[in-house]
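Report on the structure given below.
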Amino acid sequence: MSYSKFLDDWSKVREEYLEKNPTENVPWDLTEAMTRDKWIAEKKFDEFVAYVLENYDSGNCIDLITPFGNHLIEIKEYNLFKKIWKGVIRINISTLWDYVHNMLIDFPNATSVDINKIKITDKLIEDFELRPGKAFANEKNAVAYKRYYTLKALSEFINGLERFNDENEISKMRLIIENVQNLQKPTPTKSTDKRKIDEKLFWELITISREESEDKFEFIEILTDKLSAFKPNEIRKFARIFETKFQELNTWDNWAFVYIVRRGCGDNEFDYFKAWVISKGQETFNKVKEFQQKDFKELIGLDDPQLEEMLYLAEEAYELKTSELMTPIRVKKQNISGTKWTEEKVCEIFPEICKQFNYK
């Protein structure tokens, strides 16, 4: 979806540019950058992040996202800044370890010292961009090229993190830089929980963490610690189950529910609501999914039904476990289902919920 929207605007931007400059050649990169700037001006931040992370499998999009990241720093949008850079870095690192693996098959004695001798020149970069088939056939060059862009992305990310004064995240990234420079894929810490995560255990971990915590912040800490005790692949299973449940809550009815409770709800807040619902456990999840309106007042209680941190919990646990960034989890996206409502008619369509929460 994000790609088609971007492509539509890309075409419009290109046409407008050609009307003013009919004799000029308009390369993709130039039009893409102009479309990016258009989306920044229109505040389509989430859409641009989705476009990059869904369509740049190579991760070589640093020049494209750096101006966007700088804008996010200026307006203090830390979470989006972290989301796009960590997403791109995950892609780069995952690809880098694949290239290192392939290189060691043919060159088992190759080391980072050998890669350090390869100079990343403009000519080498051009070869990878214009003649990738031939360029990637040289496995040592491929590792050097991918390491170069991975380190470049990490450096840009750290520069931004320094502006946000996030010393904890900076420390994590510096450890990753050291691993990337030395081409040493980190070894996960020993797993103390040998269980296999399925849907039953998924809900059990959430329930127990809720019972052991005093508030939602402690809940996040406890669940993160419990999850980081599992094997990396089990943490990914947890993330996959979470993403699946997250999609199942994507309905217009649920959006109306949280809109009424909070007296307004944008796209991001709806995502944080869905994360909050899952964090409250299976019973709450089922009641919201089945839209049991009579129970909604009790479900909310005194809570503000928002828990953004739950969206990143599995990633944080994976990082604690492996000192690596977790590659994205792919699940089938579910378009928002049901009948769209308007602000003017929300009470007419959902009178019971409005009455429960004194919304008029």
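In the set Ser4, Ser94, Ser11, which member is polar (S, T, N, Q), assigned to a helix (DSSP H, G or I) and either surrounded by 15 or more Cβ atoms within 10 Å (Cβ to Cβ) or in contact with a strand residue (DSSP E or B) (Cβ under 9 Å, 6 or more places away or on another chain) (or both)?
Within the list Ser4, Ser94, Ser11, the selection yields Ser94.
Before we move on, is Lys146 within 27 Å of Met103 (Cα to Cα) and outside any loop (DSSP other than H, G, I, E, B)?
The answer is yes for Lys146.
Is it true that Tyr3 is within 21 Å of Asp271 (Cα to Cα) and not hydrophobic (A, V, I, L, M, F, W, C)?
yes
Could you check the stretch 189-223 and list, in sequence order, the residues that are surrounded by 18 or more Cβ atoms within 10 Å (Cβ to Cβ) and either in contact with a strand residue (DSSP E or B) (Cβ under 8 Å, 6 or more places away or on another chain) or under 30 Å from His101 (Cα atoms) (or both)?
Passing the criteria: only Ile197.
Conditions: (1) part of a loop (DSSP other than H, G, I, E, B); (2) assigned by TED's automatic domain parsing to the domain that holds Leu307; (3) not hydroxyl-bearing (Ser, Thr, Tyr). Lys190 meets all but one. Number of the miss?
Just one mismatch for Lys190, condition (2).
Looking at Ala137, Ala144 in this structure, which one is in contact with a helix residue (DSSP H, G or I) (Cβ under 8 Å, 6 or more places away or on another chain) and assigned by TED's automatic domain parsing to the domain that holds Asp46?
Ala144
May I ask you to verify whether Glu269 is under 27 Å from Asn168 (Cβ atoms), out of contact with any His (no Cβ under 9 Å at 6 or more places or on another chain) and of a type outside the set (A, V, I, L, M, F, W, C)?
yes
Would it be correct to say that Lys172 is surrounded by 16 or more Cβ atoms within 10 Å (Cβ to Cβ) and part of a helix (DSSP H, G or I)?
Against the criterion (surrounded by 16 or more Cβ atoms within 10 Å (Cβ to Cβ) and part of a helix (DSSP H, G or I)), Lys172 qualifies.
Only one residue in Ile125, Ile105 is modelled with pLDDT under 95 and over 29 Å from the mean Cα position of the chain (by Cα), so which one is that?
Ile105
If you check every pair at least six apart or on different chains, which have Cβ atoms under 7 Å apart with a residue in the stretch 328-353 that is at negative phi first and a residue that is among the β-branched types (Val, Ile, Thr) second?
Pairs that qualify, where the first residue is at negative phi and the partner is among the β-branched types (Val, Ile, Thr), are Val331/Thr244; Ile336/Thr251; Ser337/Thr251; Trp341/Ile349; Val346/Ile260; Phe350/Ile260; Ile353/Ile260.
Output the residue which, of all residues in the stretch 105-132 that are loosely packed, with under 15 Cβ neighbours inside 10 Å and of a type in the set (A, V, I, L, M, F, W, C), is nearest to Leu53 (Cα to Cα).
Here the residue is Leu130.
Given the conditions (1) assigned by TED's automatic domain parsing to the domain that holds Ile65; (2) part of a helix (DSSP H, G or I); (3) touching a Phe, Trp or Tyr at 6+ places or on another chain (Cβ under 9 Å), report the number of the one that Lys152 does not fulfil.
Among (1) assigned by TED's automatic domain parsing to the domain that holds Ile65; (2) part of a helix (DSSP H, G or I); (3) touching a Phe, Trp or Tyr at 6+ places or on another chain (Cβ under 9 Å), Lys152 violates only (3).
Would you confirm, using the coordinates I've provided, whether Ala33 is touching a residue at least 40 places away in the same chain (Cβ under 8 Å) and either surrounded by 13 or more Cβ atoms within 10 Å (Cβ to Cβ) or in a helix (DSSP H, G or I) (or both)?
For Ala33, the condition - touching a residue at least 40 places away in the same chain (Cβ under 8 Å) and either surrounded by 13 or more Cβ atoms within 10 Å (Cβ to Cβ) or in a helix (DSSP H, G or I) (or both) - is not met.
The values are calculated or read from the model by the stated rules, or taken from the named source; none is laboratory data. Just so we're clear, the structure is a prediction, and the values are computed from it rather than from any experiment. Reconstructed Cβ throughout: ideal geometry from the backbone, glycine too, with neighbour counts over all protein chains shown.
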